[in-house]
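Visitor: Structure provided below as C-alpha cells; questions to follow.
Every number in this text was worked out from the coordinates using simple rules, so none of it is lab data. These numbers come from a predicted model, not from an experiment. Using ideal geometry, Cβ is built from the backbone for each residue, glycine included, and neighbour counts are taken over all protein chains shown.
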Amino acid sequence: KRIPTVPLSSMVRAREIANLLKNRISAGKFLLGEPQSTLPRR
C-alpha cells in the first residue's frame, strides 16, 4: 500500500534563507567564527 508523503520543509523557503544568509555574510553583517568543535569522522 502506498502512503503519500510530503517533505517537512520547503525547498523554495530553504533557498530563500540560504540566499539571505549568504548576503549577510558577504555584507559583513553576519560574522563567522572558528568552529567550537568538529564533528566526528566516520
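Visitor: Among the residues of the range 7-42, what is the count of those that are among the acidic types (Asp, Glu) and loosely packed, with under 11 Cβ neighbours inside 10 Å? Please lay out each step first, then the result.
Guide: Going through the range 7-42, the residues among the acidic types (Asp, Glu) turn out to be 16, 34.
Filter once more, so that each one left must be loosely packed, with under 11 Cβ neighbours inside 10 Å: 34.
Residues that pass the stated criteria total 1.
Visitor: If you don't mind, there's one more thing I want to ask. Name every residue in the chain that is among the charged types (D, E, K, R) and either in contact with a helix residue (DSSP H, G or I) (Cβ under 8 Å, 6 or more places away or on another chain) or not in a helix (DSSP H, G or I) (or both), in order of residue number. Give the steps one after another, and end with the answer.
Guide: Keep residues of the chain that are among the charged types (D, E, K, R), which gives 1-2, 13, 15-16, 22, 24, 29, 34, 41-42.
Result: Lys1, Arg2, Lys29, Glu34, Arg41, Arg42.
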